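So the structure is just underneath, and the comments pick up after that.
The values are calculated or read from the model by the stated rules, or taken from the named source; none is laboratory data. Since the model is a prediction, treat every value here as computed from it, not as a measurement. Reconstructed Cβ throughout: ideal geometry from the backbone, glycine too, with neighbour counts over all protein chains shown.
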Amino acid sequence: SQTIHQWPATLVQPVGSPLSLECTVEGTSNPNLYWYRQAAGRGLQLLFYSVGIGQISSEVPQNLSASRPQDRQFILSSKKLLLSDSGFYLCAWSPKYEQYFGPGTRLTVT
Amino acid sequence: DQQVKQNSPSLSVQEGRISILNCDYTNSMFDYFLWYKKYPAEGPTFLISISSIKDKNEDGRFTVFLNKSAKHLSLHIVPSQPGDSAVYFCAATGGGSNYKLTFGKGTLLTVNP
């Protein structure tokens, strides 16, 4: 069966520091991969998606970036965090229509 | 422009009764619809979906109804249980190679014992 992992589970970072969140998927190949953010009291905002290795599409302009160095690995990064980057970050994978989410990373920028 | 709308931010239901969660969409290119359930500090869990070629899909206590002419779908939970208390998100996609989902803002369902 397929499994999706995200780490770390929680993170507290100062403003201006770098960020790296990692997501890996097991038990499938060539999945579509997605990064979402849920800000406090709000819905799910799609940040990036990838349909293959090295293929990244950005949905919203921001100081975040994403990379897919391997088929089942998706990384969310920032060179300098802003206070507004705080939120709950979710990675998801899909074989087709349904998306399956990881456990999420709670990021607090102080 | 909010293409998927869940107009009720919250809903409270008694245990054993029916819960009805509603969702409206504006994009006529959407052809597949999904419902997710989310507990605090966890990732959403896929519940049930429906293709635009159907008007009903049932899975145990969960039934999704689709009214294409009204661009409206609903999720029925019967009977409701306290463990169903969570935020429910409606989502839609027009397919394509990326299968991007557009989510509503969610409805908080509280099932009271």
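The requirement of being within 9 Å of chain A (Cβ to nearest Cβ) and of a type in the set (Asp, Glu) is not satisfied by residue B:58.
For region A:87-100, the set of residues classified as within 7 Å of chain B (Cβ to nearest Cβ), more than 10 Å from the chain's Cα centre (by Cα) and in contact (Cβ under 8 Å) with a residue 24 or more places away in the chain consists of A:94, A:99, A:100, listed by residue number.
State whether the residues of region A:39-49 include one that is out of contact with any Ser or Thr (no Cβ under 7 Å at 6 or more places or on another chain), of a type in the set (Gly, Ala, Ser), loosely packed, with under 14 Cβ neighbours inside 10 Å and assigned to a strand (DSSP E or B).
no
The strands (runs of 3 or more DSSP E) found entirely in region B:22-81 that carry 1 or more residues being among the polar types (S, T, N, Q) and modelled with pLDDT of 95 or more are B:45-51, B:56-59, B:62-67, B:72-77.
Given the criteria assigned to a loop (DSSP other than H, G, I, E, B) and of a type in the set (Asp, Glu), does residue B:1 qualify? Against the criterion (assigned to a loop (DSSP other than H, G, I, E, B) and of a type in the set (Asp, Glu)), residue B:1 qualifies. The C-beta contact set for region A:1-12 (first residue farther than 18 Å from residue A:77 by Cα, second residue of a type in the set (D, E, K, R), distance under 7 angstrom, 6+ apart or interchain) comprises A:2/A:26; A:3/A:26. Residues in region B:75-90: is at least one under 28 Å from residue B:1 (Cα atoms), surrounded by fewer than 16 Cβ atoms within 10 Å (Cβ to Cβ) and away from every other protein chain (no Cβ under 14 Å)? Within region B:75-90, not a single residue is under 28 Å from residue B:1 (Cα atoms), surrounded by fewer than 16 Cβ atoms within 10 Å (Cβ to Cβ) and away from every other protein chain (no Cβ under 14 Å).
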